[in-house]
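Nothing in this text is a laboratory measurement; each read-out follows from the coordinates by a stated rule. Note that the coordinates shown come from a computational prediction; the quantities given were computed from them, not determined experimentally. Methodologically, a virtual Cβ is constructed for each residue, glycine included, from the backbone with ideal geometry; neighbour enumeration extends over all protein chains shown.
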């Protein structure tokens, strides 16, 4: 029985298709207004911001990108980047959130940026995937693996979909590298939703004292390009 199960898992891995990225990996440059940069320069912790955000032909039709929210204090900051659309002949403005980024210390009751990792505490087994040991949970619908100080979580509706997403995540991050240059640890989540695959990232440059977290409706390919586009804002 065990041999048959391993054979079945091997077949799934071999034939799980790698989704055609095409529009899945689109990003576009984002230009920061000087007034927002002046606010961020007053934050005491190191400030990192993306120079690119997720994009697609459809989303660009919704309107231009802008900073829809910015909160900053000495030890934390948070901002949202959205799209804004005004219907012709109407005064109402519609806002579509693209991504949210925050930075600061985690609440005392949280050890990791994303609670989804804390859900999977009882490991059901381990498989080899592209030469990497991957732990599986939730009847082979959730998978977690570690590499170079980073943890990766893929959670899908079924095993075959999960394998497809794992391939996409691994393809976006070459073996032996990390998503964010200089980060000492981090997490990537890729979760299948009714609208597609949604990905988030959290990382730290100081071994967990300060966490930088990005959430939004981004694919794994878009997310990796966004976190690699991070630039540091010079403080006063």
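Tell me the angle of helix 2-15 to the major Cα principal axis of the chain, expressed in degrees between 0 and 90 and rounded to the nearest ten. It works out to around 40 degrees. Pairs of Cα atoms nearer than 8 Å and 6+ residues apart set the relative contact order; for region 151-236 it is 27 percent. Given axes a ≥ b ≥ c from the Cα gyration tensor, I'd like to know whether region 91-175 is rounded (a/c under 1.5), prolate (a/b larger than b/c) or oblate. In terms of gyration-tensor shape, prolate.
Taking the Cβ-Cβ separation of residue 60 and residue 133 as r and a Förster radius of 45 Å, what is the calculated FRET efficiency to the nearest 0.05? List each step's numbers first, then the result.
Working: r = 40 Å, r/R0 = 0.90.
The calculated FRET efficiency here is 0.65.
Sequence-distant contacts, meaning Cα pairs under 8 Å at least 6 residues apart, place the relative contact order of the chain at 23 percent.
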